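The values are calculated or read from the model by the stated rules, or taken from the named source; none is laboratory data. Owing to the predicted nature of the structure, the values given are computational and were not obtained by experimental measurement. Cβ: placed from backbone, ideal geometry, glycine included. Neighbour counts: every protein chain shown.
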Amino acid sequence: MARLSYLKALQRALADEMARDADVCVLGEDIGVGVNNVTTGLLAKHGPGRVIDTPLSEQAFTSFATGAALAGLRPVIEFQIPSLLFLVFEQIANQAHKFSLMTGGQAKVPVTYFVPGSGSRSGWAGQHSDHPYGLFAHVGVKTVVPATPEDAYGLFLTAIRDDDPVVLFAPAGSLGVRGDVDMDALGPVPLGVGRVHREGTDVTVVAVGHLVQAALAVAEQLADQISVEVFDPRTLYPFDWAGLAASVNKTGRLVVVDDSNRMCGIAGEILATAAEEMRLTVPPKRVTRPDGAVLPFASELDLAVQPQQDQLLTAVQEVYKASR
Amino acid sequence: MTVDEGLYRTMRLIRRFEERAIELVHAGEIVGGIHPYIGQEAIAAGVCAALRDDDVITSTHRGHGHVLAKGADPVRMLAELTGRSTGLNQGRGGSMHAADFGKGIYGANGIVGAGGAIATGAAWAAVREGSDRVAVSFFGDGAVNQGVLLETFNLAALWRLPVLFVCENNGYATTLTVAQSVAGSITARAEAFGIPAVSVDGADAAAVLEAAREAVERGRAGGGPSFIEATAYRFDAHHTWEHKARVRYRSDEEVAAGRSRDPLDVHGSRLDDGTRAGIDAEVETLMAEAVAFALDSPRPDPAGALDHLYATGLRGRNGIGLLDTAVR
């Protein structure tokens, strides 16, 4: 076993995949020097033919990658901040995603878009702190939010190898997570398969991304009162509904914690599906950012808008009490 | 067939394809209507005559001409427009997304200016693999005001990629005139990035071909991107929707003057009458076959409405619940 950080896992996945497959290339801003510490060393190793520092032209280089993918390459694009995905929503949702169906299966677009540092980073304020994974899940673009170093490695590998466009969000709150990892066992993690981090019998907590750590902490805090099962979907689209059903049908109680806006968010979709198709014994709850939240700058205000561990704890207690 | 005969045949094929397609729109056989290419045929014919099968093009909402000129089968193309499973895209794309990857046709595109970056990425892939393939992006005058296209000019020039940008200036972005929408000039957009740009008579297929050959040779030789502005007049509506809507934005006099210089006559007059008549007759037969095939072909099975949504075959849930998996 070795200590591996989440960030290092991302770096290793990309490096391994570039070494394995000559069709993999990476584009993005400031990736030559690797300002986000994911592309570190790749330019020196693979040269400017495979590691392309792009001008600040997100829309052009995103569809540029689509064209390269249609011609047989397997591009990976790093976006420095999550909000850049708003800028290229047309290029991903309306172009890359639609080629396969619109061409009757003639074309595939194997591009991976990844954001090392999604969601809030303290003090980055309104335009650098969003978590727009729900938008991509909504339009049907494969959407991945790993929570642990081994999943970051395995899901990044799978995303790059996948023949469809995949967006990978690496939450800022996860980048520093470290774990004891069997390096020889690192390998691809399939899309659409969730992971139960902690088994329990009373309440299922679905936690997305960095909030998996918060959920595990809450489960530990409540261990002598409530048996909490922590379910990490790992990919938001496709979602592991069968895995969730197995958990919820056992516990009958559900809380979702999701660091994105409440209205039309992924938490709402999870609650709706559970209500329609799973054996809930009490009304479920979700802990999210508020409707339409824009993260304010000051630390107190920033934190006030993000889902907090104590809010999750309260929600779990309420859902548990509701059945007594 | 000589080069001149080939140019004429391509134009004649596009013209008759569009006329037959408009009939099918009015007959209700093509739903959603089309953006007719009539009047601009010399541009697609001239540019694509300079290309090889393995070169790539991206096209526009007004894309039938480019797709046909690049070599797509007009029979399967018309079947696509009528939404049949025998169509180029199995009825999944229709007029605005017709594609034939086997012929390097990366598709018509419903978003103005969207194809430029895609073509440029394909050109980059060609260079990386050591090929001398080139890519061509067709777009209209409306696209020169799209930010993504201007960003793309920068990338193509910066990285000296073998891409040819062809701006079809038909004077109108839907109903907005170039005078109302373009500050500066169209060719100056490209020149600002150091891309060689020429303006040619888009009603003259031979003139377009000559400009395209020079640009394509430059691209194949590693000389980077080129830009051609080809001016032409759109004879018909922006979209067949106008045939009913009676939108007024061009005077009868202007339309008559525009139509008076027909690219089929400009180039057709260079052929002898017998040759021209022979080509016309062959195209007529082909289009009759295409219409019959399109109307006789099976309609797609609704159960397959989301086939090909993912290259990996992933199926999401349907709209009415988890357990019922058929899309009906």
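The table below gives the values:
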| item | result |
| --- | --- |
| Qualifying residue in the stretch B:91-105 (condition: under 13 Å from the mean Cα position of the chain (by Cα), closer than 21 Å to B:ARG234 by Cα and part of a strand (DSSP E or B)) | no |
| The stretch A:122-174, subset more than 11 Å from the chain's Cα centre (by Cα), in a loop (DSSP other than H, G, I, E, B) and of a type in the set (S, T, N, Q), residue nearest to the other protein chains (Cβ to nearest Cβ) | A:GLN127 |
| Residues within the stretch A:284-310 that are loosely packed, with under 13 Cβ neighbours inside 10 Å and under 25 Å from A:GLU220 (Cβ atoms), tallied | 1 |
| B:SER131 assigned to a loop (DSSP other than H, G, I, E, B), more than 7 Å from chain A (Cβ to nearest Cβ) and not β-branched (Val, Ile, Thr) | yes |
| Evaluation of A:GLY252 against (1) in contact with a Lys or Arg (Cβ under 7 Å, 6 or more places away or on another chain); (2) among the small types (Gly, Ala, Ser); (3) closer than 23 Å to A:SER129 by Cβ (one fails), failing number | (3) |
| Members of the stretch A:44-71 found to be at the interface with chain B (Cβ under 8 Å from one of its Cβ atoms) and hydrophobic (A, V, I, L, M, F, W, C), listed by number | A:ALA60, A:PHE61, A:PHE64, A:ALA65, A:ALA68, A:ALA69, A:LEU70, A:ALA71 |
| Tally of residues being of a type in the set (A, V, I, L, M), in contact with a Leu (Cβ under 9 Å, 6 or more places away or on another chain) and within 12 Å of chain A (Cβ to nearest Cβ) across the stretch B:78-96 | 1 |
| Per-region count, the stretch A:12-45, residues part of a helix (DSSP H, G or I) and either under 18 Å from A:TYR113 (Cβ atoms) or free of Cβ contacts under 8 Å to residues at least 40 places away in the same chain (or both) | 11 |
| The stretch B:134-148 - residue that is more than 8 Å from chain A (Cβ to nearest Cβ) and not in a strand (DSSP E or B) and, of those, surrounded by the most Cβ atoms within 10 Å (Cβ to Cβ) | B:VAL134 |
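Residue-wise test of (1) within 14 Å of chain B (Cβ to nearest Cβ); (2) in contact (Cβ under 8 Å) with a residue 60 or more places away in the chain; (3) assigned to a loop (DSSP other than H, G, I, E, B).
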position: A:GLY209; (1), (2), (3): no, yes, yes
position: A:GLU220; (1), (2), (3): no, no, no
position: A:LYS250; (1), (2), (3): no, no, no
position: A:VAL255; (1), (2), (3): no, yes, no
position: A:MET263; (1), (2), (3): no, no, yes
position: A:GLY268; (1), (2), (3): no, no, no
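Here's the yes/no breakdown for (1) surrounded by 11 or more Cβ atoms within 10 Å (Cβ to Cβ); (2) modelled with pLDDT under 95; (3) more than 14 Å from chain A (Cβ to nearest Cβ); (4) part of a loop (DSSP other than H, G, I, E, B):
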residue	(1), (2), (3), (4)
B:VAL255	yes, no, yes, no
B:VAL266	yes, no, yes, no
B:LEU271	yes, no, yes, yes
B:THR275	yes, no, yes, no
B:VAL283	yes, no, yes, no
B:ALA290	yes, no, yes, no
B:LEU295	yes, no, yes, no
B:THR312	yes, no, no, yes
